[in-house]
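Accompanying notes for the structure given below.
The values are calculated or read from the model by the stated rules, or taken from the named source; none is laboratory data. Note that this is a predicted model, so its numbers are computed, not measured. Please note: Cβ atoms are built from the backbone with ideal geometry, for glycine as well, and neighbour counts cover all protein chains shown.
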Amino acid sequence: MTSLQQEKEENDPLVSFTYGLKSKESTRQYPQRLKVFLDFLKFQGSLIEQATEFWLSAKNNPRWTEDSLMKFITLQNERADSGDISPSTIPNYYKATKLFCEMNKKSTEDTSYRYHQHCYCCYCCSY
């Protein structure tokens, strides 16, 4: 591996994220779920570009990150209320985003309690 490839890998937040995925099913679904969140935030480009932009924004403004995730979960709750998605889908979006943040050294534990009141199932905050 060249030093340029190594530098790119070290700066790619998806490398850490995918490292944290344990099962084949999670490896297949979590990046797609993260992309839904990143699309909601209106980040442009490939998943790698979106994830990098999100990570830079998250590091610089943790409050924005929390607020954005709450707005996204609220939107998903509204979609569940209208029958567009199953309520059991909502924690899966949260878990993918939380894992991305945790694997990139952004703790979400201090805000987990906030999402419990917005989700349909109580187990979403324990993952």
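Suppose we filter segment 33-67 for residues that are out of contact with any Phe, Trp or Tyr (no Cβ under 7 Å at 6 or more places or on another chain) and either among the basic types (Lys, Arg) or on the phi > 0 side of the Ramachandran plot (or both); how many remain?
Summing the residues that are out of contact with any Phe, Trp or Tyr (no Cβ under 7 Å at 6 or more places or on another chain) and either among the basic types (Lys, Arg) or on the phi > 0 side of the Ramachandran plot (or both) in segment 33-67 gives 5.
Are there any pairs, at least 6 apart or on different chains, whose C-beta atoms fall under 7 Å, with the first in segment 47-70 and free of Cβ contacts under 8 Å to residues at least 40 places away in the same chain and the second exposed (fewer than 14 other Cβ atoms within 10 Å of the Cβ) and among the aromatic types (Phe, Trp, Tyr), and if so, which?
Close Cβ pairs (under 7 Å, with a partner that is exposed (fewer than 14 other Cβ atoms within 10 Å of the Cβ) and among the aromatic types (Phe, Trp, Tyr)) amount to 57/64.
Which residue pairs have Cβ atoms under 7 Å apart, sit 6 or more places apart or on different chains, and have a first residue in segment 12-40 that is farther than 21 Å from residue 85 by Cα and in contact (Cβ under 8 Å) with a residue 24 or more places away in the chain and a second that is surrounded by 15 or more Cβ atoms within 10 Å (Cβ to Cβ) and among the small types (Gly, Ala, Ser)?
What qualifies is 13/51; 14/51.
Given the conditions (1) farther than 15 Å from residue 66 by Cα; (2) at pLDDT below 95; (3) polar (S, T, N, Q), report the number of the one that residue 111 does not fulfil.
Answer for residue 111: the failing condition is (1).
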